[in-house]
1. Just give me the residues in the range 84-108 being at pLDDT 95 or above and among the β-branched types (Val, Ile, Thr), in sequence order.
2. Just checking, how many residues over the range 124-143 are out of contact with any helix residue (DSSP H, G or I) (no Cβ under 9 Å at 6 or more places or on another chain), outside any loop (DSSP other than H, G, I, E, B) and within 11 Å of ILE77 (Cα to Cα)?
3. Give the residues of the range 102-143 that are in contact with a Ser or Thr (Cβ under 9 Å, 6 or more places away or on another chain) and within 19 Å of VAL41 (Cβ to Cβ), sorted by residue number.
4. Find the residue count for the range 67-94, including only residues that are at negative phi, over 16 Å from the mean Cα position of the chain (by Cα) and either surrounded by fewer than 18 Cβ atoms within 10 Å (Cβ to Cβ) or part of a helix (DSSP H, G or I) (or both).
5. Of the numbered conditions (1) free of Cβ contacts under 8 Å to residues at least 40 places away in the same chain; (2) under 27 Å from PHE31 (Cβ atoms), ARG97 fails exactly one; give the number of that condition.
6. Answer yes if at least one residue in the range 50-69 is closer than 17 Å to TYR92 by Cα and either of a type in the set (Ser, Thr, Tyr) or without any contact (Cβ under 8 Å) to a residue 60 or more places away in the chain (or both), and no otherwise.
7. Determine which single condition ALA18 fails, assuming it passes every other condition in (1) among the small types (Gly, Ala, Ser); (2) at pLDDT 85 or above; (3) surrounded by fewer than 19 Cβ atoms within 10 Å (Cβ to Cβ).
8. Could you check how many residues of the range 43-66 are in a loop (DSSP other than H, G, I, E, B) and touching a helix residue (DSSP H, G or I) at 6+ places or on another chain (Cβ under 6 Å)?
Amino acid sequence: MKFVFCMWNGFTQGSWNAYYQPEIDKFHPRFFVFFGIWLFVIGFIIHCVSDLHLISYRYNLPDDTYSIPRGHLFQHISCPNYFGECLQWIGYAIAARSFPAIAFAFFIVCNIAPRAASYHEWYKKKFGAQYPNDRMALLPGLW
């Protein structure tokens, strides 16, 4: 199913950008392009750093043990890698300002938010009172 989704997404994004995307002219607010790219890059950095952080935890523990990730954005949210990925695709949607890009960002958030909530609940159940009470699932300070 992921393969089909990725193929369809690539086809619709490419088709839109190749055939339907309007020319950038004086009415096109370049602010959205620059802001979207900036948001994408920030999200990419958060995503990569968080994944590397999780990988380093796995290498330092025996196979059957788990520990609470700490440091970086893990101090505030359970799944900063998912937060970064959401920022990436929201940034892409802002920069592209196309229906396929907005739809893709929407579906990414709809897919990742429940997974983040599930991981957050798993952490709370697995570690109990040791797990920080002020840590949110996906959005720092909100949820």
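1. Scanning the range 84-108 gives a single hit, ILE90.
2. Result for the range 124-143: 0.
3. PHE104
4. So the count comes out to 4.
5. The one condition ARG97 does not meet is (1).
6. no
7. (2)
8. Here the count works out to 0.
The values are calculated or read from the model by the stated rules, or taken from the named source; none is laboratory data. Predicted model only: the values in this text are computed from it and were never measured. For neighbour counting, all protein chains shown are included, and Cβ atoms are generated from backbone atoms with ideal geometry for every residue, glycine included.
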